[in-house]
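Take a look at the structure below.
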Amino acid sequence: MTPPPLGRRGLFGAGAAMAALPDAIAAQPAPQEHPAMTHTLRINGRAHPVALDPRVTLLDALREHLALTGAKKGCDQGQCGACTVLLDGRRVLACLTLAAAAEGHEITTIEGLAGPDGALHPMQQAFLDHDAYQCGYCTPGQIMSAIGCVQEGHAESPEDIREYMSGNLCRCAAYPNIVAAIEAAKPQMQKA
């Protein structure tokens, strides 16, 4: 049974047709289940076998299946940068990357930056030293993107930094301090 037509004031023939609507909805086929597939994701230097639906994003795999919650779910549409991680050293938006597509690549998250002795990565230390955060929600994505920005050779000037960091939004507007932190961390990263 097809649902009754819609008009500008709602459903036409609201009586019997409305009563039949739940039956029509119930008769719809159930969404097709996708069987979980086992993927091995190499994250922060360790292999993590995980059974995932093939449609799961890298962000959801990290947060919901592996308890790595540093990458944040902001917009979930690739517009805010809060979910930025490094894939083979290059920035990616984890909310737009399928977990299956990341298999066979080295994934680095904010949790994997500190050294084994607990020493902070130069970019993390620079964010602290330059007060480059306020509420902190965007900070993991900002730091990961900043590392990518330096590694990709896009941190040659404050203008370049602003341009290449423009995909990471900060509602608190800590942008001047973020630029200063990246400028301070760049020489430290090049020494390492």
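Of all aspartates and glutamates in the structure, the ones whose alpha carbon falls short of 18 Å from that of residue 72, not counting any fewer than 8 places away in one chain, are 60, 64, 111.
What's the FRET efficiency of residue 90 with residue 53 using the Cβ-Cβ distance as r and R₀ = 22 Å, to the nearest 0.05? The pair residue 90/residue 53 has a calculated efficiency of 0.30. Couplings for segment 164-176, taken from phi via the Karplus curve 6.51 cos²θ - 1.76 cosθ + 1.60 with θ = phi - 60°, read 7, 9, 5, x, 10, 8, 10, 5, 7, 6, 8, 3, x Hz in order; Gly and Pro are left as x. Applying 1/(1 + (r/R0)^6) with r as the Cβ-Cβ distance of residue 76 and residue 101 and R0 = 25 angstrom yields a FRET efficiency of 0.90.
Take each of the peptides 106-112, 40-46, average the number of other beta-carbon atoms within 10 Å over its residues, and list them starting from the highest. Mind dumping the intermediate values first?
On the way: 106-112: 20.1, 40-46: 15.1.
Result, highest mean first: 106-112, 40-46.
Using the Cβ-Cβ distance between residue 117 and residue 151 with R0 set to 22 Å, the FRET efficiency from 1/(1 + (r/R0)^6) comes to roughly 0.45.
Would you mind ranking 58, 87 by Cβ crowding within 10 Å, fewest neighbours first? Kindly include the intermediate steps, with their values, before the conclusion.
Numbers: 58 29, 87 18.
By the 10 Å Cβ count, ascending, the order reads 87, 58.
A simple charge model with +1 on the Cβ of Lys and Arg, -1 on the Cβ of Asp and Glu and nothing else charged puts the dipole of segment 87-192 at about 160 debye relative to its Cα centre.
Only the coordinates and a few stated rules stand behind these numbers; no lab work does. Owing to the predicted nature of the structure, the values given are computational and were not obtained by experimental measurement. Here Cβ is always computed from backbone atoms with ideal geometry, including for glycine, and neighbour counts include all displayed protein chains.
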